[in-house]
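This report refers to the structure that appears directly beneath it.
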Amino acid sequence: MDPVPSQATSQRVLLTGVVVNTALAVLKIVGGLLSGSPSLLADGYHSLGDLGTNGLALLTWRWAQLPPDEDHHYGHGKVEAAAALLVGAVLIGTGGVVVWEASHGSSPAYEGAEAWTALGVALLSMGANEFLTRITKREAQRTGSPTLAALAADNRSDMLTSVLVLVGVSGSSAGLPWLEVVLTAVIGLFVGWMGIQTSRSAFDTLTDRVPDTELRGRVRCLARELPGVLGVQAIAVHPLGSQVRVDMEISVDGALTVAQGHEIAHQVEQSVKQAETSVVQVAVHVNPAGICHL
């Protein structure tokens, strides 16, 4: 079945990331080898890692959109968090490789057009990664996808590492070859830190850490304002990848019929879903007024 338009947009963003990072990885590695720039070569390894993470995200993203089934009663949303965790792990590994290469490499000495080659590739990379950052971040904000948010952060780190490449190559050309070696190590540390941040966020999702700590209070206020709701006893928020499920207990007049109580619960459910776009499931348990089940 073809994805709905909103899902197709996210899929196009992910595919764009794969295509652009493929081109950048090849360009940086070839440019790094031809120019002898260790920082550009390190940035090329970073782009290789990006290619792997974008490809992984593209493969897992549509899987995460599948609805609940017989053995996944809450859907497949956490596949995105698992993918984001792998993205983080790849970034940490890439950062470690770059730091190792910087500590064991030699200072560059550019001749002829070598420095201009490295500078040109770095400038092109800055523009391409800034473009990827903007479209991925915009889509992440629209969908609330943790995978897209992780990729947006990674794209921004790519842009910043290309800035460091630019500074390092310029320093080497000005007679400060040690500057590029130092900045290459900084690139590796920066990439590794981004990986740690991404992994931490994904781990929070996998362990059901609620991303919006104020959601429960807003849901309580929404329910209390509806006619027939005499109290709200309990609210629990359960993350489902980029979306959440709310389980709650409300109290109504004990003299109401089952049908009337059901109608009030349905109104609560609809009100919460309409007010909170991140909430896709609401389960409302109805208690007679004066009884609290914790």
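The values are calculated or read from the model by the stated rules, or taken from the named source; none is laboratory data. Model, not experiment: these values are computed from the prediction. Here Cβ is always computed from backbone atoms with ideal geometry, including for glycine, and neighbour counts include all displayed protein chains.
Of note:
- Members of the stretch 39-64 found to be of a type in the set (Val, Ile, Thr) and closer than 19 Å to Thr133 by Cβ, listed by number: Thr53
- Qualifying position, being touching an Asp or Glu at 6+ places or on another chain (Cβ under 6 Å) and not assigned by TED's automatic domain parsing to the domain that holds Val272, among Ser172, Ser199: Ser172
- Residue check for Ala128: under 23 Å from Gly192 (Cα atoms) and either of a type in the set (Phe, Trp, Tyr) or surrounded by fewer than 22 Cβ atoms within 10 Å (Cβ to Cβ) (or both): yes
- The number of residues in the stretch 283-294 being at pLDDT below 90 and within 28 Å of the chain's Cα centre (by Cα) comes to 0.
- Boolean, Val280 is modelled with pLDDT under 90, of a type outside the set (Gly, Ala, Ser), on the phi < 0 side of the Ramachandran plot and assigned to a strand (DSSP E or B): yes
- Selected residue (only one of Gly120, Gly55, Gly75 is under 30 Å from Arg138 (Cα atoms), modelled with pLDDT of 80 or more and out of contact with any Phe, Trp or Tyr (no Cβ under 7 Å at 6 or more places or on another chain)): Gly120
- Looking only at the stretch 51-105, and only at residues there that are in a helix (DSSP H, G or I) and among the charged types (D, E, K, R), the one that is nearest to the chain's Cα centre (by Cα): Glu80
- When residues of the stretch 127-172 are limited to those that are of a type in the set (Lys, Arg) and over 26 Å from Trp116 (Cα atoms), the one nearest to the chain's Cα centre (by Cα): Lys137
- Scan of the stretch 11-44 for residues that are touching a Ser or Thr at 6+ places or on another chain (Cβ under 6 Å) and of a type in the set (Gly, Ala, Ser), ordered by number: Ala25, Gly31, Ser35, Ser39, Ala42
- For Asp204, the conditions (1) of a type outside the set (A, V, I, L, M); (2) surrounded by 14 or more Cβ atoms within 10 Å (Cβ to Cβ); (3) over 30 Å from His46 (Cα atoms) are fulfilled apart from (3).
- In summary, Thr94 fulfils each of the numbered conditions (1) farther than 16 Å from Pro146 by Cα; (2) in contact with a Lys or Arg (Cβ under 8 Å, 6 or more places away or on another chain); (3) polar (S, T, N, Q) with the single exception of condition (2).
- Only one entry in Tyr74, Tyr45 is over 30 Å from Gln281 (Cα atoms), in the same structural domain as Thr136 (by TED's automatic domain parsing) and among the aromatic types (Phe, Trp, Tyr), namely Tyr45.
- Meets criteria (small (Gly, Ala, Ser), outside the structural domain of Val280 (by TED's automatic domain parsing) and surrounded by fewer than 20 Cβ atoms within 10 Å (Cβ to Cβ)) for Ala89: yes
- In the stretch 128-160, the residue that is nearest to Pro239 (Cα to Cα) out of those that are modelled with pLDDT of 80 or more, polar (S, T, N, Q) and out of contact with any Leu (no Cβ under 6 Å at 6 or more places or on another chain) is Gln141.
- Any chance Asp69 is more than 22 Å from Gly32 (Cα to Cα) and either touching a strand residue (DSSP E or B) at 6+ places or on another chain (Cβ under 9 Å) or among the charged types (D, E, K, R) (or both): yes
- Among the residues of the stretch 229-273, those identified as in contact with a helix residue (DSSP H, G or I) (Cβ under 6 Å, 6 or more places away or on another chain) and in a helix (DSSP H, G or I) are Val268, Ser271, Val272.
- Arg209 being in a helix (DSSP H, G or I), without any contact (Cβ under 8 Å) to a residue 60 or more places away in the chain and either closer than 30 Å to Thr22 by Cα or touching a strand residue (DSSP E or B) at 6+ places or on another chain (Cβ under 8 Å) (or both): no
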